[in-house]
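Read the structure below first, then the notes.
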Amino acid sequence: MTGLPLLSLKNRSFIALVCVVIAVLGGVAMSTLRQELIPSISLPAVAVVATNPGASSEQMADAVADPIERQLRTLDRIEGTSAVSNSNFTMVSVELEYGADIYRAASQADVLLGRVEDQLPEGTSTQVMTGGSGDLPAMIVAVASDLPTPELARRLELTTLPDIDTVQGVSTVQLVGSADEIVRLTLDDAAMAANQVTQGEIIGSLDDAGLRIPGGTVTDGEFELDITVGNSFDSVEDLADLVILPAAEGASPVRLGDVATVERTVAEAQSISRTDGRDSITMLILPSTDANFVELSDAVTQILEDSAATLGGATEFSVIFDQAPFIQESIAGIANEGLWGLVFAVVVIFVFLLAVRPTIITAISIPLSLLFAFIGMLATGTTINMMSLAGLMLAIGRMVDDSIVVIENIVRHLATSTRSRFRTIVDAVTEVAGAVISSTIVALLVFVPIALVPGIAGELFRPFALTTVLALTGSLLVSLTIVPVLAYWFMRGKAEGQSDDESEDAEWFEVSGGWLARLYRPALAWALGHRVLTAALAALIFAGSLALVPLLKINLLGESGMNTVQARQILPAGTLLATSVEESERTEEVLRGVDGVEGIQTSVGGGGFGPPGAGGGANSISYTITTDEDAEQQDLVRQITEALDAHEEASESAGEVEVIDGGTCWGRPRST
């Protein structure tokens with residue numbers, strides 16, 4: 001085991017250069033690693049969303065969901081299917097075996113939907129959806145303004161959205177709750193009868209109108225020109241001038257505008273979005289796979305601040321969800337705890353070694369091991385997230401163990417050996433190298449099964465295991481290479497002719513070993529003298545620990561402490577959109593009465609966002625409640641739940657109201 005320490009001591013300048021390289025590369029890696037809240041998770045599932053305006057929940061279930069579900073059951077590696085249907089809307093979910101290619105499954109689903117398309121009611125549109133945690137919006141922004149919703153949407157599409165699209169890391173920006181502009185034809189029955197025009201002839205003329213089809217070519221001198229038959233419409237006036245040829249005998253051609261009113265208007269709303277009581281439009285900002293959420297958030301926030309004044313109409317942007325602030329706070333919190341852990345570790349090392357130089361040498365191994373881990377994270381594509389940082393923080397307490405064992409043995413050998421300092425340090429490191437390597441390998445093997453866990457849990461905890469392994473590997477290499485070199489440079493021994501004053505560090509260590517031994521020896525003697533009782537106590541403690549396991553809460557990630565709450569209200573089937581809006585206003589009043597509620601974003605109809613199933617038809621209302629971030633979030637969730645339960649019991653028209661999510665990992669709201 002003399003290879004590494006001997007090689008490092010013979011190449012001390014090279015080891016110093018390695019330390020500098022690790023510090024520089026580790027710093028660069030730490031500043032360039034992508035930051036996200038949790039590791040990206042690919043869900044082994046495919047969903048088909050189908051909509052049909054005007055269809056009831058029973059019609060959506062029988063005529064839409066059933067045939068789609070039957071077709072999707074033929075997909076490869078399928079575990080099961082389920083369907084949820086509401087008015088105008090149905091979602092068919094397909095659970096696949098873990099490891100299945102979801103993109104291939106989505107492609108197969110598209111083909112299967114093509115086969116069943118003729119069986120679906122007219123007007124049904126379908127969309128195949130796949131995704132995971134990486135497909136959650138990076139930001140969700142509510143835009144409230146005094147401008148009419150169509151005008152606000154038009155200005156956003158002309159100015160703000162193109163600017164956001166240019167931000168690095170932004171994949172797409174979607175507007176939810178904006179009304180679509182349409183051209184409405186109101187037929188005049190009297191005029192149609194007078195001109196002998198039927199509704200079918202108008203529809204046929206409209207189907208043929210606006211088409212531009214190739215009509216061949218014509219030669220004009222030295223040029224060959226393409227012929228195009230038909231013209232496209234550039235305005236409502238062009239459409240009104242469309243000529244209709246009645247089939248009735250003796251009927252004359254007539255303009256569309258003479259038998260119908262042609263107007264450009266807004267389609268009837270299928271969903272309504274409100275922020276704190278004001279009509280609003282919701283922007284969903286979706287990240288790309290390599291997005292840095294913190295940089296993306298900063299850039300988008302600056303664009304929103306600049307756009308608020310230029311859009312006019314007292315436009316206000318409210319960031320309902322933003323992953324970046326919570327990512328920053330989570331990382332800062334974990335880093336702060338890790339720093340305190342480093343400080344406490346150094347203090348404990350000094351208490352037991354009672355020597356400044358060995359303590360400093362041991363403490364240096366912690367940042368070097370962490371920087372080594374950051375380099376490994378950059379090389380393996382691991383991001384900075386809650387799980388990877390948790391692995392690093394766990395490793396801090398363990399990564400000093402190797403260096404403590406090595407430096408303690410070096411101190412003891414330097415205090416007693418008469419050989420040269422070089423040889424003494426090599427002998428000291430070699431003596432404990434086997435124990436250090438074997439103990440570290442055992443610790444590493446503990447985390448290998450975590451990295452091999454299948455399923456979503458494996459994707460979540462793999463960065464945790466990887467960063468821990470990297471940090472412990474770095475600590476092992478540091479203890480066997482860098483620590484001996486630092487000890488050679490900064491520590492002296494009696495064999496080198498030091499005076500008693502200069503060897504005080506070693507003497508203090510011997511003293512510390514004495515008082516520690518005096519404290520430990522009575523406990524050891526009692527345990528050896530009562531072996532049966534000691535074993536019984538150990539077994540009792542072990543059994544008691546196992547008995548506490550059923551009392552532990554079991555979930556995937558636990559509470560994140562977010563100051564947002566998701567709630568849902570389901571009114572009786574067939575409820576009109578206007579009635580749902582009135583009921584949502586009453587529920588908003590109840591929510592505002594809860595102390596600590598700072599903002600409410602409401603989506604009525606199918607425009608909701610959030611956890612799967614939060615959207616629906618006109619009878620579905622979703623609420624995103626922003627709470628005081630300084631308040632105790634779990635108490636606020638309980639108060640909101642109690643208020644909604646009381647509202648449901650007191651009002652017969654409230655339907656079903658429930659909190660479906662509180663303090664999730666979606667993001668942190670903030671105002672702009």
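Each reported figure results from applying straightforward, stated rules to the coordinates on display, with no laboratory input. None of these values were measured; they are calculated from a predicted model. Reconstructed Cβ throughout: ideal geometry from the backbone, glycine too, with neighbour counts over all protein chains shown.
On full extension, the segment bounded by L7 and D645 gains 222.5 nm, given 0.36 nm per residue less the C-alpha separation. Residues whose amide H falls under 5 Å from that of F89, counting only those 5 or more places apart or on a different chain, are N52, with hydrogens built in the peptide plane.
Here r is the Cβ-Cβ distance between F422 and S107 and R0 is 45 Å; the resulting FRET efficiency, rounded to 0.05, is 0.10. Residue order for L466, L480, fewest other beta carbons within 10 angstrom first, comes to L466, L480.
Taking other C-beta atoms within 10 Å as the exposure proxy, T424, T602, T219 rank T219, T424, T602 from fewest upward.
Counting beta carbons within 10 Å around each of T359, T624 and listing the fewest first gives the order T359, T624.
Per-residue ellipticity at 222 nm, computed for the chain from helices alone with -39500 (n - 2.57) per DSSP H run of at least four residues, works out to -16500 deg cm²/dmol.
In this label model, R73 and D630 are separated by 5.8 nm, measuring between points 7 Å along each Cα→Cβ vector.
Each of A517 and A538 was given a label point 7 Å from its Cα along the Cα-to-Cβ line. The distance between the two points is 2.4 nm. Membrane-span-like helices in the chain, defined purely by DSSP H runs whose alpha carbon atoms cover 15 Å or more axially and whose average Kyte-Doolittle hydropathy reaches -0.5, are 12-32, 102-116, 293-311, 323-353, 356-380, 386-416, 421-451, 455-477, 504-529, 531-548.
Labels on offer are [x] 46, 27, 22; [y] 69, 30, 24; [z] 41, 30, 24, and the one holding semi-axes √(5λ) of the Cα gyration tensor in Å computed from this structure is [y]. Kirkwood hydrodynamic radius of region 1-60, from the reciprocal of the average inverse Cα-Cα distance over all distinct pairs: 18.0 Å. Measuring r between the beta carbons of E598 and D298 and using R0 = 30 Å, the FRET efficiency lands at 0.85. Amide H contacts of V170 (H built 1.01 Å from N, in plane; Pro and chain starts excluded): S288 sit under 5 Å, all sequence-distant by 5 or more or on other chains.
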